[in-house]
Every structure is written in structure tokens, then in C-alpha cells.
Amino acid sequence: MRPVLFIFFLLVTILFMGCDNDTTKVNTAPGIPQSPNPAHGAGSVNIMPELQWSCADEDGDDLTFSVYLGKTTSSINLIASDITDIFYQPETLDYSQRYYWKVRANDGSETSISQKWEFTTIAEDTPPTIPSNPIPGNGVENVFINPLLRWYCFDSDVDVISFDLYLDTDQDPQLLAEGLDTYQYQINGLSNHTTYYWKIVAKSNDLITEGPVWSFETGYGNYPPDVPNTPSPDDGDTNVSTHTDLSWECSDYEGDELSYDIYLGTESIPPLLEQDYSGLTYIPEELNPLTTYYWQIDAYDGYNHTLSPIWHFTTGVTNHPPDTPYMPRPADGSDDESVCAMLRWSCSDPDGDVLMYKVYLGTIPNLTEQDIIALGITDENIELGTLEYYTTYYWKITAHDGELTTTSPVWSFTTEISSK
């Protein structure tokens, strides 16, 4: 009996020991993939991006990943599976396209999936425009033997452009200068009465645009205009009026009649604004306030061009013209006014500027500068002295705030009949 009991207790002990040492463990799912690169909502992403993320497993299990990618939230398709890295480079993507993507992590038994991320790829790079607007113009004759070659070109992606210049007496010109970062090149010592051919090749990033071949014929020599100088506004001026005039000085050694091309804009290389202008003062349209403008003058004597430096100035706040003068005394159209009249009016300025007035008075409605009786006064009244009896007088006021002028209507009054 004792051996039987002993065996029974031995079996029970082994059974309980087996239960106490059960090593079965519950598996935990992988962490949710996160920290995407490109970041969620990123723009201007390269069309060959490397998709990256981070993910961890609490149990330390080896993870594999599946990557999904698509152009809409409803069409995210599997593009890679069973990868062990935390990055993946898809095939080349489309330009200017929004993409949605997500990652599924798998530890062999459980999975977890990230949120849907999105990014937008860069716009397609475009080459520079075809170089154009050559100076000297194509086919021009009698060009100075030391010409300044100029051209125009831009890149719609605002990429930096460099230029290669080809020049020769052969119709297939050879490279003369490369990697130019300006839109001009000074040539010296060409032969008299010779036809030259030239072209420009524009480059931005790895894209190239070749311009047409232009030509010009030199003359027997002419001195170019002097460099335009003495700019107004001064170079670097600030708080410049939005109604400013542009002025400069320029002369020609041989006394040739000069014309000017005016370049003005907010770009550091300003665009052409006015061509073949004959004066030394130019009035542009009202400028934007608190804006830096760049400008340049190209002087032309009929043979050669001379460029000024590129000047710049910054505008101030917008100035508004004075209000129209009003409330005339004597009242407009009044009769029987004293011959010892005083003119009065009211006026204000929306910017609070100090106003100066010009007073016109005459006996005909069409008042001219010869009818000015007061200039630069700040009072809103003026004594007239003794006027003629029974005479109709016409008058008006101009208000000036130091920059802008506003003119009143022409008012009138008639003096009293003589008491004699």
C-alpha cells in the first residue's frame, strides 16, 4: 500500500511543478510605424524620394514591412512587402503630384499599420527661355568696334541661369566666354566694317537652351555715350515717394542725339519699361509702398549703347493727395460783395501733411499762371486789397502737400455797385 501512495504523491508533485514552470508567453503587436520622411504634408519632394519611417517591437521580434502608395486616399496600393529595412525607394514619381502612403509592420504573428501620410512632389524643371532681344539688334550696321553685347532670357522656375557666348566672323560662331552670370558682355577691338555672328546658350541646372545666331556689322568707329549718372532717387535711397520721378544725366562726346531705354522693376535685374525715350526725366506709374525697386538706363547714340549701373531705392508709405479745397468765402456765385474782400477757404490732408496754397484770381474763368496772386502760403485766407466795383471775379486754390497737388473748382463772386 505504501508504494502505491508514494507513486501517487510523486505524480501529483510532478504535475504541479509542470504547471508552475509553464513558459508560454502572450505576443505583443508591433508598435505603429511613425516619424515619416517625407514628413506628413511636405511639399516640393524629389520625384525619387526615399520613404523612411521608424517602428519598434516591445517583444524584440524581427519585423518586416509592407509599403503602400497611391495618388488618392482610395487607391493606395501595395508597392513593397516583406522588407526588413525602415526605408524604401519607390520608382520615379510624377511631377507636381500629391501622394498618399502608409506602412504595415509584421512581427510574424501580429501586424500594426500607420496612419495615411501625404506629400507633394516638385514641379517639373523647365529649361531657360530662348535668348532674345539682342543688342546690337540682329542685322544692325555701323556698330561701334567696342560694343556692349546684351540679351534677354529668363527661367520660369527662377533657377540660376548662366550663359555661354559665341562670337566669330564665321556664320558658325565659336565659344568666346562661358559661365557668364550677367545678361551682357563687353567686346573690345573688333575690326572695322566687318560682319560678326554671335549667339547665346543659356543653362540652368542640367537644362540647356540655345539661342539663334544673330549678326551685326561694325562701322569705322564711334565713341559711345558717356555712362548715365547722377540718378534721382539716389542709389540706395529709402522712404522714396511712391509718386517719384526718375531722372539722370548723360552726354555724348561727339554730341550725338541720345535716346534711352529705361529698365525698372522689383527684380535685381530689372525688366525693360520704356524704349527710345528722349528725355532725362521719366514719370513711372505709381509705385508700390515699402518696396525696393531696381532701375537702369541704357543710353544709345544711334550706333552704340552705354549702360548705367543698376541703381536701387526703397519706397515709403503711400502719400495721399490733399483733399479738394472747399467752403469758399465769398461764396461761389455771390453778389454785392465788398470791394475790400478777403478770400477764405478750408482744406485738409488725409495724411496730416502741412499744406501750402497757390491762389489764382482774375476776371475771366480760364485762370492761368499769370493770374497767381499768392504762392506758398500756409494760411487759409488772403486779403485782396481794393477791388473794382461791380466786377465779377473768378478764383481758385491749389493745395500742395510737398509732393502732390489738388485744385479746387473755379469759384466766382461779383463786387458791389459803386455808392457814388
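The values are calculated or read from the model by the stated rules, or taken from the named source; none is laboratory data. Since this is a predicted model, take the numbers as computed values, not measurements. Here the Cβ is made from the backbone with ideal geometry for all residues, glycine too, and neighbour counts use every protein chain on show.
Looking at (1) in contact (Cβ under 8 Å) with a residue 40 or more places away in the chain; (2) closer than 21 Å to Y326 by Cβ; (3) of a type in the set (D, E), which one does E388 not meet, given that it meets all the others? Condition not satisfied by E388: (2).
From the list P325, P330, P365, the lone residue that is of a type outside the set (F, W, Y) and within 46 Å of the chain's Cα centre (by Cα) is P325. S109 falls short on exactly one of the conditions (1) more than 30 Å from Y196 (Cβ to Cβ); (2) part of a strand (DSSP E or B), and that condition is (2).
Do we find a residue being farther than 30 Å from W151 by Cα, more than 33 Å from the chain's Cα centre (by Cα) and either surrounded by fewer than 17 Cβ atoms within 10 Å (Cβ to Cβ) or not assigned by TED's automatic domain parsing to the domain that holds V213 (or both) anywhere in the stretch 38-47? Scanning the stretch 38-47 turns up no residue that is farther than 30 Å from W151 by Cα, more than 33 Å from the chain's Cα centre (by Cα) and either surrounded by fewer than 17 Cβ atoms within 10 Å (Cβ to Cβ) or not assigned by TED's automatic domain parsing to the domain that holds V213 (or both).
Taking Y152, is it of a type outside the set (A, V, I, L, M, F, W, C), buried (at least 19 other Cβ atoms within 10 Å of the Cβ) and outside the structural domain of G255 (by TED's automatic domain parsing)? If you could, list the steps in order and put the result at the bottom.
Details: of a type outside the set (A, V, I, L, M, F, W, C): yes; buried (at least 19 other Cβ atoms within 10 Å of the Cβ): no; outside the structural domain of G255 (by TED's automatic domain parsing): yes.
No, not satisfied.
Does N146 fit the bill of being in a loop (DSSP other than H, G, I, E, B) and in contact (Cβ under 8 Å) with a residue 60 or more places away in the chain? Yes. Among the residues of the stretch 48-58, the one identified as acidic (D, E) and surrounded by 14 or more Cβ atoms within 10 Å (Cβ to Cβ) is D57.
A single entry from P328, P322 fulfils the requirement of being out of contact with any helix residue (DSSP H, G or I) (no Cβ under 7 Å at 6 or more places or on another chain), more than 30 Å from I187 (Cα to Cα) and assigned to a strand (DSSP E or B): P328. One residue stands out among those in the stretch 239-271 that are part of a strand (DSSP E or B) and touching a residue at least 60 places away in the same chain (Cβ under 8 Å): the one that is farthest from S308 (Cα to Cα), which is N239.
Scanning the stretch 380-390 for residues that are in a loop (DSSP other than H, G, I, E, B) and either exposed (fewer than 14 other Cβ atoms within 10 Å of the Cβ) or not assigned by TED's automatic domain parsing to the domain that holds S338 (or both) yields G385, T386, E388, Y389, Y390. For the stretch 245-274, the set of residues classified as touching an Asp or Glu at 6+ places or on another chain (Cβ under 6 Å) and more than 19 Å from P231 (Cβ to Cβ) consists of D256 only.
Taking residues in the stretch 206-220 that are of a type in the set (A, V, I, L, M, F, W, C), and partners anywhere that are in a loop (DSSP other than H, G, I, E, B), the pairs with Cβ atoms closer than 6 Å and at least 6 places apart or on different chains are L207/P127; W214/N138; F216/P136.
Output the residues belonging to the stretch 338-348 that are touching a Ser or Thr at 6+ places or on another chain (Cβ under 9 Å) and either acidic (D, E) or at pLDDT 95 or above (or both). It would help to see each step written out before you state the result.
Within the stretch 338-348, the subset touching a Ser or Thr at 6+ places or on another chain (Cβ under 9 Å) is 338-341, 345, 347.
Result: W345, C347.
Can you work out which of the residues in the stretch 273-298 that are outside any strand (DSSP E or B) and more than 22 Å from the chain's Cα centre (by Cα) is nearest to T314 (Cα to Cα)? Talk me through it step by step, then tell me what you get.
If we filter the stretch 273-298 for residues that are outside any strand (DSSP E or B), which is where we start, we get 278-280, 283-291.
Next, from what is left, pick out any that are more than 22 Å from the chain's Cα centre (by Cα): 278-280.
Numbers: S278: 26, G279: 23, L280: 21 Å.
My answer is L280.
Among the criteria (1) assigned by TED's automatic domain parsing to the domain that holds K71; (2) surrounded by fewer than 17 Cβ atoms within 10 Å (Cβ to Cβ); (3) of a type in the set (A, V, I, L, M, F, W, C), the one A177 does not fulfil is (1). Scanning the stretch 194-226 for residues that are touching a strand residue (DSSP E or B) at 6+ places or on another chain (Cβ under 9 Å), in a loop (DSSP other than H, G, I, E, B) and surrounded by 13 or more Cβ atoms within 10 Å (Cβ to Cβ) yields T194, G211, V213, G219, N222, P224, P225, D226. Within the stretch 253-272, the residues that satisfy the criterion of being of a type outside the set (S, T, Y) and within 27 Å of the chain's Cα centre (by Cα) are D261, I262, L264, G265, E267, I269, P270, P271, L272.
For residues that are of a type in the set (D, E, K, R) and modelled with pLDDT under 90, scanning just the stretch 119-161, find the one that is farthest from K203 (Cα to Cα). Outline the logic, then answer.
So in the stretch 119-161, the residues of a type in the set (D, E, K, R) come out as 124-125, 141, 150, 155, 157, 159.
From the residues that got through so far, the ones that are modelled with pLDDT under 90 too are 124-125, 155, 157, 159.
Numbers: E124: 16, D125: 12, D155: 9, D157: 13, D159: 9 Å.
Residue satisfying both the conditions and the ranking: E124.
Within the stretch 391-420, can you find the residues that are in contact with a Pro (Cβ under 9 Å, 6 or more places away or on another chain), outside any strand (DSSP E or B) and either closer than 15 Å to Y326 by Cα or of a type in the set (S, T, N, Q) (or both)? Hits for the stretch 391-420 are S408, P409, V410.
Just for the stretch 227-238: of the residues that are touching a residue at least 60 places away in the same chain (Cβ under 8 Å) and part of a strand (DSSP E or B), which one is surrounded by the most Cβ atoms within 10 Å (Cβ to Cβ)? Lay out the reasoning, then the answer.
Of all residues in the stretch 227-238, those touching a residue at least 60 places away in the same chain (Cβ under 8 Å) come to 227-229, 231, 233-238.
The next check asks that each one be part of a strand (DSSP E or B); those that pass are 229, 231, 237-238.
On the way: N229: 12, P231: 20, D237: 15, T238: 12.
Of everything passing the filter in the stretch 227-238, P231 is surrounded by the most Cβ atoms within 10 Å (Cβ to Cβ).
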